[in-house]
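Okay, structure first, notes after.
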Amino acid sequence: ITSVPLYGTVCHRILVRLSVLGASGETAHWFRFYTGCDITTLSEDVATALGLPLGGPTITIRGSTGTRAGRLLDVRFRFPPDDLSGNPEPLLAARWAVVSGRTDLALLGLHDVHEHFALWTDDTHMYF
C-alpha cells in the first residue's frame, strides 16, 4: 500500500507486482489494483516494456478520463510468490486492454483478482 497526497487529502493505493510472460520471458511490473476498471488496462509503453505483442482486436475504451482507442491481448501472468513458502504462483491466463494516448499506465482490474483471492472488508479495511 502506498499513500499519495491528492487534492489536500491522502489517498491510499494498493500496488501489486505482477510477473508477465512476454517475448523475453517473465518481466515484473507494478500494477495499481483498481476496482473501477472492468479489465486490466495497460498503456502502450508498459505493454512494450513487458514484451507483449503488437496487434490484437481493436476496441474503444470508455472510462472516467474519456474515450480512447485500444486493443485486446491474451496475456499470461502470475501474482507474487507466497510470503510463507516463497513458492511462485501458477501462471494465469487473462485478456487485457492496451490503450493509446497514455503513458506509464498499469491498472490491475478487480476481475483478475477476485477469481484467485478471497476479498472481504470490515469498517475500515479491505483484505485479500
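Tally up the residues in the range 1-12 that are open to solvent by 70 Å² or more (accessible area, probe 1.4 Å) and either out of contact with any Cys (no Cβ under 9 Å at 6 or more places or on another chain) or in contact (Cβ under 8 Å) with a residue 40 or more places away in the chain (or both), please.
The number of residues fulfilling the criteria is 6.
For the range 41-59, give me each residue that is within 19 Å of His111 (Cβ to Cβ) and more than 15 Å from the chain's Cα centre (by Cα).
The answer is Gly56, Pro57, Ile59.
Of the residues Arg76, Arg68, which is among the basic types (Lys, Arg), part of a strand (DSSP E or B), crowded, with 16+ Cβ neighbours inside 10 Å and in contact (Cβ under 8 Å) with a residue 24 or more places away in the chain?
Arg68
Take the range 49-65 and flag every residue that is outside any loop (DSSP other than H, G, I, E, B) and either surrounded by 14 or more Cβ atoms within 10 Å (Cβ to Cβ) or of a type outside the set (Val, Ile, Thr) (or both). Walk me through how you get there before you give the answer.
We begin by selecting, within the range 49-65, every residue outside any loop (DSSP other than H, G, I, E, B); these are 49, 58-63.
Ala49, Ile59, Ile61, Arg62, Gly63 - these are the residues of the range 49-65 that are outside any loop (DSSP other than H, G, I, E, B) and either surrounded by 14 or more Cβ atoms within 10 Å (Cβ to Cβ) or of a type outside the set (Val, Ile, Thr) (or both).
Quick check on this structure: which one of Asp83, Asp38 is open to solvent by 70 Å² or more (accessible area, probe 1.4 Å), in contact (Cβ under 8 Å) with a residue 12 or more places away in the chain and under 21 Å from Ile14 (Cα atoms)?
Details: Asp83 fails: in contact (Cβ under 8 Å) with a residue 12 or more places away in the chain.
Answer to the check: Asp38.
Out of (1) among the small types (Gly, Ala, Ser); (2) under 12 Å from the mean Cα position of the chain (by Cα); (3) modelled with pLDDT of 95 or more, what's the single condition that is false for Gly109?
For Gly109, the failing item is (3).
Can you confirm whether the range 20-33 contains a residue that is within 23 Å of Thr2 (Cβ to Cβ) and of a type in the set (Ser, Thr, Tyr)?
The answer is yes, given that some residue of the range 20-33 is within 23 Å of Thr2 (Cβ to Cβ) and of a type in the set (Ser, Thr, Tyr).
Pairs under 7 Å by beta carbon, first residue surrounded by 16 or more Cβ atoms within 10 Å (Cβ to Cβ) in the range 103-119, partner at pLDDT below 70, six or more apart or different chains?
Val113/Phe128
What number goes with the only condition from (1) in contact with a Pro (Cβ under 9 Å, 6 or more places away or on another chain); (2) of a type outside the set (S, T, N, Q); (3) in a strand (DSSP E or B) that Glu89 does not pass?
So Glu89 meets the others, but not (3).
The values are calculated or read from the model by the stated rules, or taken from the named source; none is laboratory data. Worth saying up front: this structure is predicted, and the values here are computed from it rather than measured. Glycine also receives a Cβ, built like all others from the backbone with ideal geometry; neighbour counts cover every protein chain displayed. These accessible areas exclude ligands, DNA and RNA; they are computed on the full protein's heavy atoms, side chains included. Shrake-Rupley method; radii C 1.70, N 1.55, O 1.52, S 1.80 Å.
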